[in-house]
Amino acid sequence: MSTLLEVSGVSVTFDGFRAINNLSIQIAEPELRAVIGPNGAGKTTFMDIVTGKTKPDEGRVVFGDRGDSLLGMSESQIAQAGIGRKFQKPTVFEAQTVRENIAMALKNKRGPFDVLLRRKTENREDRIRAISDEIGLTDALDQQSGSLSHGQKQWLEIGMLLAQDPRLLLVDEPAAGMTPAEREHTTDLLVRAAKTRAVVVVEHDMEFVRRLNCKVTVLHEGSVLAEGSLDHVTKNKDVVDVYLGR
Amino acid sequence: MKNTFIARNPSVLWFLAGLAIFTILVTIMSEATGFGLISTSFLKTLGKTLCLCLVAIAMDVVWGYCGILSLGHFAFFGIGGYAIGMWLMYARTEGIVLTSLKANALPPTATEITDAIGGQIFGVVGSSDFPMIWAFSHSLPLQLLAVILVPGVLALVFGWLAFRSRVTGVYLSILTQAMTLALSLYFFQNDTGLRGNNGLSGLQNIPGLEDQSQAVVSLWFFWASAIALALGYVLFAYVVSGKFGSVIRAIRDNEARVRFLGYHVEHYKLFVFTLTAMIAGVAGALYYPQAGIINPAEIAPIASIYLAVWVAIGGRGRLYGAVIGAALVSLLSSWFTGGSAPNINLGFYVIKWTDWWLVLLGLSFVLVTLFFPKGIGGIFDALAKKTPPNREGDFGPDKGAWRNEEGEPS
C-alpha cells in the first residue's frame, strides 16, 4: 500500500464562508475509504478540489507515484491522469444509448483527431460487454439512457467510471434513491473495484457505510474530525455530538 | 468500413440519391441541354440554394450537434466569396485591359498593365493602387487556398480565444455576432481595399470561359454546387456519426461532465468550429460566382441569423433537416420577395408579400420553435414511428400489482 492521493493543509473560502478548513487526507492504493459528515461538512467540495472543479486558496494536492500536483491541471487533464468521479445526481448523457455512454468513457486516446480517425479499436465491444455485465445493463445496451430508472442510471455512471479505468474513484452518494436490493449490488460493485484501485465513497447513510466495512473519515466544518473504523469513529464523543447536535 | 458507415447512416444514401435525381432532372430541364423548362436565372437560384444548403449543414453541425450557436458562419461564407471574387475580378479585368492595350503602338510594360487593372478595379473608390490584401489575387491556386484558409485561421484564432476562456451559451453567440459585425464594418471601409460598399461585381463572368454562354456556365456551377453539397454531407455525416459525434453531442448536453471523462472540450469545439468555418468558405466561393456580386451587406449579422433560422425551421441535430430548412426557406424567400407571390387584397388593406414576408418568416420561426422543436425534419421521425416511449409507468414493479387500467386515474 503506497500513498496515491495526498491532500494537505487545503483551505477554500466561498464569499467569506470557509467550506474547507486546513483539510488533510491521504488515500492509499488500493483502498476503500468512506467519507461521512453532516450537510455542509465539505464532502462534495473536497471532491471538487481533487477533480479540479474548485481551486483551493492554499494547500497541496498531489497524486500518483511521481507526486504531481493537481492544482495546475484542468479537469480533463486530471481525469486523464487517472481520477474518475461520480456525481451525486446521476449525470449520464440521456439522449444517447447505454453503449455510447460506456464507449465514450472507455480508456482510449482522448484527442479529437484520435477519436475521429481511429474509429474501431479492438476488443472495444468486449470491454463494453464486460462492463455492462458488471453493472447488469447488458440487456439495455441499445436503450436510450434517459429511459433508464434512477438506480440504473447510477449504475451506468459507475460503469462509466470503471470504463475509464482510473486509479482513484471518487463516488458521491452512490446509493441515493436506490432500493435495498440495488444498494447491496452497489456495495458489491464498489468493494470489488477497491481491490485493485483506490475508491473514496461519500455517503450519508450509515448502514451503507457499515456494509462497505472500511476505514471511515468523518468531516465536520471543512476538516477531519475523526478517522478509523466505523465502530471506532461512532464511539468518538465529538462525532456523536456533531451527528446528534449539541 | 464504407459499407458499415452507409449501413449505420441510411439517411446519407437517401440524401445522395435524392440529390442525384434532382441534379439530373434540373440538368435535363435546363436551357443548356435543350428543353429550357428552367430559365438560366432560376438555374442560378437553384445552384445558389445548394450552396446555402451546404453552409446550413455546417451550421447544423456546429449548433445542432455541438451546441455552439454561432452567429458568424455566414461571415465565413462571405469571406470565401470575397476570396474567389478577388481572383475573378482581377483575371477578368486583366483580360479586358490586355485587349484594349493591344491597340497601342508600343507593347505595354508590366507596370502599365498593373496600373490599368488597378485603375479599372479601384476607380470606383477613387484609387488605382493595389492594396496589400490583393497581393495574391493574380493566382487562382492561392486564392482558392485562401477560400479555405482565411475562414479556417480566423475561426481557429477566434475560437481558441473564446473557448479557452470558457465562454458558452448566449454569451458566445453575442461574441460571434460581434465578430461578424466587426468583419462587415471592416469590409465596408474603403481603406480595406475591397471596394467598400460597392463590393466585388461581375463575378458571373468566368475568365477563360468567355466563349461559353451563361446557360452553360450556370449549369457547370450548379453541378459543382451539387457535388460540393454531396461531399460536404458525407463528410459531416462521417464526423457526427460514431464516437466523435457521441462526444460532441455530449458536449452540447453537458459540457462539464465530458471534461470529467477526460476529454479536452475546448479542442473538440475548436475542431468543429474551424472545420465548419472552412466548409462555409467553400460554400461561399461557389455561391458568389453564381450571384455575380458580393458586398459587405452579405456579411452583416442578419445573414448569420437567417442561417440559424433555416436550421431551426428545418430541424436541428439532423443534417437533412438543415438542408430542407435552407432550401425551403431560401426558395420561398426569393419567391415572396421577388414579387411573384400574389398580393392578398383584404378590401381595406393589400398585403404585399415583399413587405410582409419577413413577418411571415418571423412568425413561422416562433411557431416552429414553440410547437415543433424538432423542425420539419421531425416529420421523418413521425414517419419512422420513432415515438418516444410511454414513460408514465405502472403502479408497481410486480406482475401482481395493479396495472394502469385497473388503477384510479391520477
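Please treat every number below as a calculation from the coordinates, not as lab data. Just so it is clear, the structure is predicted and the values come from calculations on it, not from any experiment. Cβ atoms come from the backbone with ideal geometry, glycine included; neighbour counts cover every protein chain shown.
According to the square roots a ≥ b ≥ c of the eigenvalues of the Cα gyration tensor, what is the shape class of the stretch B:2-303, taking rounded for a/c under 1.5, prolate for a/b larger than b/c otherwise, and oblate for the remainder?
On the way: a/c = 2.61, a/b = 1.41, b/c = 1.86.
Because a/c hits 1.5 or more and a/b fails to exceed b/c, the stretch B:2-303 counts as oblate.
Exposure proxy check: B:ILE148, B:ILE248 ranked by fewest other beta carbons within 10 Å? Please report the intermediate quantities before stating the final value.
Working: B:ILE148 17, B:ILE248 27.
The fewest-first ordering by Cβ neighbours comes to B:ILE148, B:ILE248.
Of A:CYS214, A:LEU117, B:ALA341, whose Cα points farthest to the positive end of the dipole of the protein assembly as shown (charges on the beta-carbon: +1 Lys, Arg; -1 Asp, Glu; origin at the Cα centre)?
A:LEU117
Using only helices, what value at 222 nm comes out for the protein assembly as shown when you add -39,500 (n - 2.57) per DSSP H run of length 4 or more and divide by the total residues, to the nearest 500 deg cm²/dmol? Don't skip to the end; give the middle numbers.
Values: 25 runs with 356 residues, N = 656.
Helix-only estimate at 222 nm: -17500 deg cm²/dmol.
What relative contact order, as a whole-number percentage, does the stretch A:127-175 give when Cα pairs under 8 Å and 6 or more residues apart are counted?
On the way: 20 pairs, mean separation 20.9, N = 49.
Once divided by the residue count of the stretch A:127-175, the mean separation gives 43 percent.
Give me B:ILE294, A:ILE27 sorted ascending by neighbouring Cβ count inside 10 Å, so fewest comes first. Walk me through the numbers on the way to the answer.
Values: B:ILE294 27, A:ILE27 23.
Least to most surrounded, the residues fall as A:ILE27, B:ILE294.
What does the charge dipole of the stretch A:1-59 about its Cα centre add up to, to the nearest 20 debye, if the Cβ of each Lys and Arg holds +1 and the Cβ of each Asp and Glu holds -1?
Working: 5 positive and 7 negative charges, 32 e Å.
With Lys and Arg at +1 and Asp and Glu at -1, about 160 debye.
Which of rounded, prolate or oblate describes the protein assembly as shown when judged by the alpha-carbon gyration tensor and an a/c cut-off of 1.5? Could you put the intermediate results ahead of the total?
On the way: a/c = 2.69, a/b = 1.95, b/c = 1.38.
Judged from the Cα gyration tensor, the protein assembly as shown comes out prolate (a/c at least 1.5, a/b above b/c).
Put +1 on the Cβ of each Lys and Arg and -1 on the Cβ of each Asp and Glu in chain B; which of B:PHE74, B:VAL258, B:PHE271 then has its Cα farthest toward the positive end of the dipole?
Working it through, the farthest residue towards the positive pole turns out to be B:VAL258.
Quote the charge dipole size of the stretch B:39-141 about the Cα centre in Debye, to the nearest 20; the model charges only the Cβ of Lys and Arg (+1) and of Asp and Glu (-1).
Details: 4 positive and 5 negative charges, 65 e Å.
Here the size comes out at about 320 debye.
Around A:PRO90, what is the net charge, scoring Lys/Arg as +1 and Asp/Glu as -1 over all other residues with Cβ under 9 Å from its Cβ? Please list the in-between numbers first.
Working: positive: A:LYS86, A:LYS89, A:LYS153; negative: A:GLU157.
Summing Lys and Arg as +1 and Asp and Glu as -1 gives +2.
Roughly how big is the stretch A:91-246's charge dipole about its Cα centre, with Cβ charges of +1 (Lys, Arg) and -1 (Asp, Glu), in debye to the nearest 20?
Details: 22 positive and 25 negative charges, 132 e Å.
Result for the stretch A:91-246 is approximately 640 debye, rounded to the nearest 20.
Just want the ordering: A:MET160, A:MET178, from fewest to most Cβ atoms lying within 10 Å of their own Cβ.
On the way: A:MET160 27, A:MET178 21.
By the 10 Å Cβ count, ascending, the order reads A:MET178, A:MET160.
In the neighborhood of A:ARG197, defined by Cβ-to-Cβ distances under 13 Å, what is the net charge if each Lys or Arg adds +1 and each Asp or Glu adds -1? Numbers along the way, then the final one.
Working: positive: A:ARG33, A:LYS107, A:ARG167, A:ARG192, A:LYS195; negative: A:GLU29, A:GLU31, A:ASP165.
That works out to +2.
So which aspartates and glutamates can B:LYS269 reach, going by Cα to Cα under 19 Å and dropping same-chain residues fewer than 8 places off?
Output for B:LYS269: A:GLU75, A:ASP114, B:ASP60, B:ASP253, B:GLU255.
I'd like to know which of B:ALA224, B:PRO301, B:ILE248 lies farthest towards the positive end of the charge dipole of chain B, counting +1 on Cβ of Lys and Arg and -1 on Cβ of Asp and Glu.
Going by the Cα projections, it comes out as B:ILE248.
How shielded is A:107-115 by partner chains, expressed as the average number of their Cβ atoms within 10 Å of its Cβ atoms?
Per residue, the average neighbour count from other chains is 5.
Of B:PRO342, B:PRO151, B:PRO207, which has the largest mean-square fluctuation in a 10 Å C-alpha GNM of chain B?
B:PRO342
Would you work out the relative contact order for chain B, in percent, from Cα pairs under 8 angstrom that are 6 or more residues apart? If you can, show how the numbers build up before the last one.
On the way: 571 pairs, mean separation 115.0, N = 410.
So the answer I get is 28 percent.
Let me know the mean shielding of B:244-253 by other chains, meaning the per-residue number of their Cβ atoms within 10 Å of its Cβ. Walk me through the intermediate numbers first.
Working: counts 7, 4, 9, 8, 2, 5, 7, 1, 2, 6.
Per residue, the average neighbour count from other chains is 5.
Could you let me know the centre-to-centre spacing of the stretch B:157-209 and the stretch A:189-246, using Cα atoms, in angstrom?
58
For B:LYS48, give me every one of the aspartates and glutamates with a C-alpha distance below 16 angstrom, ignoring sequence neighbours fewer than eight places off in its own chain.
B:GLU298
In whole Hz and in residue order, list the ³J(HN,Hα) couplings for the stretch A:201-216 that follow from phi through the Karplus curve 6.51 cos²θ - 1.76 cosθ + 1.60, θ = phi - 60°; x for Gly and Pro.
With the stated coefficients, the stretch A:201-216 comes to 10, 9, 8, 8, 7, 5, 4, 4, 5, 4, 5, 5, 6, 9, 5, 10 Hz.
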